[in-house]
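Structure first, commentary second.
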Amino acid sequence: MSQDSRPSIVWFRLDLRLRDNLALLAAGARRGPAIPVFIWAPEEEGNWAPGSASRWWLHRSLTSLEASLRGLGSRLIFLRGPSLRSLREVAAGTGAAAVFWNRRYEPLVSARDWMIGESLKKDGLEVDTFNAALLYEPWRVKKTSGAPYQVFTPFWKACLASEHPPAPAAAPARLAAPRKWPASEPLESFALEPGTDWTNVMGSTWEPGEQGGLARLQKFVKEAVADYPDNRDRPDRSGTSGLSPHLHFGEIGPRQIRHALSALHGTSRPRSARAVQLFMRQIGWREFGHNLLYHFPHTTDKPLRGHFADIPRRADGPALRAWEKGETGYPIIDAGMRELWNAGWMHNRVRMIVASFLVKDLLLPWRAGAKWFWDTLVDADLANNTLGWQWTAGCGADAAPFFRVFNPILQGKKFDPDGSYVRRWVPELARMPARYIHAPWQAPSAILHAAGVSLGRSYPKPLVDHQQRRLRALAAYEQAKRNSRVQH
Ligand code: FAD
């Protein structure tokens, strides 16, 4: 790397942290000043520009990063897209010699980044990019034939057998400031925060930013990871890490997580070692999602496996709205959808249940669900969301078999046995006894009355009959399978 004293630009994107940030370190390693920039260019992300909940998070995360950079004697310069034009203007105005960033893997964004890199190099700038988001980059993990994996277990085995990811790097102690800073827009001018009280619960649930991510990781390692195998499927317990939005925005990286857990993994306590292994497997699913999206870029819009593409799906606006609002009359689904709306997050088990209900009971297109999640999740992530939806719809890699239709009553009874998750998010059922809370329509009228529940008034009757809809879905999937056999 050259050692001239001209400034280098650090382009922050989904790597909003100081620790283990290789692009930032690369700038620090040069003798010259660093100019950290963030460019707001949602139009460059096509159909998948950050949704409402992500924008709320982004605003806070950027505020936090700006404060941390000031602590290093630096700043964060806010600019508007087009990204290439902004980078060129900063480079021309400051005499910068280099531009560094950490890689993203979404199809449209990585194509844009490549184009920007080539253009800047033609301008005579040094350009270098780094991995801050993944343990194993997509082009490294492939079958011996060179083809990408489509099944998780062999994929993860291959990852674990490959070269270990390096230890995370420390944050720079200081960053040299340029003699003159380029002009910055006020962050508020991006209007990322919605002007309503919709985000009240999100505000009390989350602490966006690097500190919030580190605090969550530490709490999880100290208090919850050992019980992860028992609690991870229970939405009524705080048994998972809650790291997903921090990971998405790069406020914490997977190398840091791996490192924090490795001390426990080496422990003589086999229970902790098993828990860490299971937790790292989930991080592995995240790696798998990124790997798939990289190798199969069309999957954000089209099924990976074509044979379920022609299932007749309906555009049923009222059913979609009932699902979105958490008014289906199935308590576990309504609890999940209201958790999503209020907290900007939903437990993984419940994500699978609500997604199955949308694509199988309601026979609505999975993309309609994926879009709603995209707008309302604080962890909305193109790789993980695409993987989750295609898995549930049975058309993705290593997908749930098409005949698996989650039963919302049995799932509720199994994973929220005393109904406390439902009571929390569906307060109109708070006084229902556990025996009936997952199927209130089965309760005798005296019990409904005593609980203050009036079906169809204070809480909806079931939108559809699950058993009938299950059979209808199975018939549709069977037909699609037969059609695909005929076509091939
Ligand atoms: P933990 O159990 O603590 O897991 C740790 C980390 O591992 C997570 O933060 C996440 O990064 C990763 N992870 C865990 N499970 C999965 C999984 N099944 N697939 C991929 N990565 C996983 N996750 C997102 O981050 N963004 C999404 O937009 C998203 N959409 C989903 C949509 C559907 C329909 C489904 C079924 C799942 C989706 N997931 C998504 C995956 C998963 O539900 C969340 O990652 C998880 O609930 C986040 O909570 P946590 O951090 O407490 O998880």
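The values are calculated or read from the model by the stated rules, or taken from the named source; none is laboratory data. Every value quoted in this text rests on a predicted model; they were computed, and no experiment measured them. Virtual Cβ from ideal backbone geometry, glycine too; neighbours counted across all protein chains shown.
Data for the structure
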| item | result |
| --- | --- |
| Residues of region 360-377 satisfying the condition of being in a helix (DSSP H, G or I) and more than 9 Å from the ligand (Cβ to nearest atom) | 360, 361, 367, 368, 371, 372, 375, 376 |
| Residue list for region 132-173, restricted to those being assigned to a helix (DSSP H, G or I) and crowded, with 19+ Cβ neighbours inside 10 Å | 152, 155, 156, 159 |
| Index of the failed condition, residue 96 passing every other in (1) of a type in the set (A, V, I, L, M, F, W, C); (2) assigned to a helix (DSSP H, G or I); (3) more than 25 Å from the chain's Cα centre (by Cα) | (2) |
| The one condition in (1) modelled with pLDDT under 95; (2) within 15 Å of the ligand (Cβ to nearest atom); (3) not hydroxyl-bearing (Ser, Thr, Tyr) that residue 310 fails to fulfil | (2) |
| Residue identified as at pLDDT below 95 and either within 13 Å of the ligand (Cβ to nearest atom) or part of a helix (DSSP H, G or I) (or both) among 299, 267 | 299 |
| Filter result (more than 24 Å from residue 48 (Cα to Cα) and assigned to a loop (DSSP other than H, G, I, E, B)) within region 110-131 | 123, 124, 125 |
| Any chance residue 380 is within 11 Å of the ligand (Cβ to nearest atom) and more than 17 Å from the chain's Cα centre (by Cα) | no |
| Filter pass, residue 55 being surrounded by fewer than 22 Cβ atoms within 10 Å (Cβ to Cβ), of a type in the set (Lys, Arg) and part of a helix (DSSP H, G or I) | yes |
| Selection count, region 273-296, where residues are more than 8 Å from the ligand (Cβ to nearest atom), closer than 11 Å to residue 225 by Cβ and surrounded by 19 or more Cβ atoms within 10 Å (Cβ to Cβ) | 3 |
| Residue within region 353-361 that is modelled with pLDDT of 95 or more, aromatic (Phe, Trp, Tyr) and within 30 Å of residue 60 (Cα to Cα) present | no |
| Whichever residue in region 354-377 is among the small types (Gly, Ala, Ser) and crowded, with 22+ Cβ neighbours inside 10 Å and, among such residues, is nearest to the chain's Cα centre (by Cα) | 370 |
| Residue count, region 228-279 (criterion: of a type outside the set (S, T, N, Q) and more than 25 Å from residue 205 (Cβ to Cβ)) | 13 |
| So residue 341, is it within 19 Å of the chain's Cα centre (by Cα), surrounded by fewer than 22 Cβ atoms within 10 Å (Cβ to Cβ) and either under 28 Å from residue 42 (Cα atoms) or free of Cβ contacts under 8 Å to residues at least 60 places away in the same chain (or both) | yes |
| Condition met for residue 23 (at negative phi and at pLDDT 95 or above) | yes |
| Residue match in region 85-92 (condition: without any contact (Cβ under 8 Å) to a residue 60 or more places away in the chain and of a type in the set (Gly, Ala, Ser)) | yes |
| Residue 338 more than 9 Å from the ligand (Cβ to nearest atom), over 24 Å from residue 203 (Cα atoms) and not acidic (Asp, Glu) | no |
| Helices (runs of 4 or more DSSP H) wholly inside region 378-488 that include at least 3 residues being surrounded by fewer than 21 Cβ atoms within 10 Å (Cβ to Cβ) and free of Cβ contacts under 8 Å to residues at least 24 places away in the same chain | 434-437, 445-450, 466-487 |
